[in-house]
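Data block below; observations after.
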Amino acid sequence: MLIDIGVNLSNSRFQKSIEDVLLRAKSAGVEKMILTGTSISDSESVISICKQYKDQFPNSLYATAGVHPHDADKFNADSANKLDQLCKEKPVVAVGETGLDFNRHLSDPTKQERAFESHIEIALKHDLPLFLHERDAAKRQLDIIRSHVNQFPKSVIHCFTGDKKTLFSYLDLDLYIGITGWICDERRGLDLQNLVKNIPLDRLMIETDAPYLIPRTMPNPPKNKCNEPSFLKYVIDEIAHHREESSEVLEVATSSTAIEFFNLNNANQ
Ligand SMILES: [Zn+2]
């Protein structure tokens, strides 16, 4: 059984194919998926997808609720209230994605920090883990995490692509690490390929980040380059190769880590 902890199933590219994507995921052994919420309305969308497909795919679909750092400019008191309400919805198993993105600077850094702080507060209130994004902002993100160190929610850095120092800093703070098909990229994934063996087996989770980041190791990728959860095995095979472990060992470990991290056995769709 594989668990994909990051699927953007509300993306318009899946609009007409959600059921087929879920059926293909099941056939590929992807038993559970955490759908990523990236704004208030998008979080509402992924929650409703979970509800809509829960009878057809029982105990398979879960959601995060949060506002992506790219949208932090729009985050205000009203968003915080709405997020707080969304966290009471049954499919929600984590708060996020949230964090800092100083790569594309789509939102003002101060506003990103304010939104991040608000997500931390809400996660603590609901006793939910955090689903974190970070791009070119490790120093500031680590400062914020350290400033809460006595009371910081259990967290995963999703789609980790940082350097060794950053990886070890996150691990020292007891964070979990999500690895995507970035590792399958023979050009920009090289650092990650060298680093991945440093992640303790019980802190590692896997994700497609579909429809983005299609694994470049796929022999026959679809023409539209649309990634989907059924391609998760390419990510795990690549990780296994660089860790010199079997895919089976990684499959069992990453799934049990995800079940525990997101409390999926007690989550109620
Ligand atoms: Zn992200």
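Observations on the structure shown:
- Some residue of region 179-200 being within 17 Å of Ile157 (Cβ to Cβ), out of contact with any Asp or Glu (no Cβ under 9 Å at 6 or more places or on another chain), touching a residue at least 24 places away in the same chain (Cβ under 8 Å) and open to solvent by 10 Å² or more (accessible area, probe 1.4 Å): yes
- Of the strands (runs of 3 or more DSSP E) contained entirely in region 60-161, those carrying at least 2 residues that are open to solvent by less than 40 Å² (accessible area, probe 1.4 Å), of a type outside the set (Gly, Ala, Ser) and within 13 Å of the ligand (Cβ to nearest atom) fall at 92-101, 130-135, 155-157.
- Residue within region 177-184 that is under 17 Å from the mean Cα position of the chain (by Cα), away from the ligand (no atom under 16 Å from the Cβ) and part of a strand (DSSP E or B) present: no
- Number of the exception - Arg24 against (1) out of contact with any Asp or Glu (no Cβ under 9 Å at 6 or more places or on another chain); (2) assigned to a helix (DSSP H, G or I); (3) open to solvent by 20 Å² or more (accessible area, probe 1.4 Å): (1)
- Residue check: Glu31 meets all listed conditions (1) part of a helix (DSSP H, G or I); (2) under 23 Å from Thr254 (Cβ atoms); (3) among the acidic types (Asp, Glu) but one, namely (1).
- Considering region 186-203, the residues that are away from the ligand (no atom under 16 Å from the Cβ) and among the charged types (D, E, K, R) include one that is nearest to Leu35 (Cα to Cα), namely Arg203.
- Filter pass, Ser10 being open to solvent by 10 Å² or more (accessible area, probe 1.4 Å), within 16 Å of the ligand (Cβ to nearest atom) and in a loop (DSSP other than H, G, I, E, B): yes
The values are calculated or read from the model by the stated rules, or taken from the named source; none is laboratory data. These numbers were taken from a predicted model, which means no experiment stands behind them. Neighbour counts are summed over all protein chains in view; Cβ atoms, including those assigned to glycine, are modelled from backbone coordinates with ideal geometry. Surface accessibility is based on the protein's heavy atoms, side chains included, excluding ligands, DNA and RNA. Shrake-Rupley method; radii C 1.70, N 1.55, O 1.52, S 1.80 Å.
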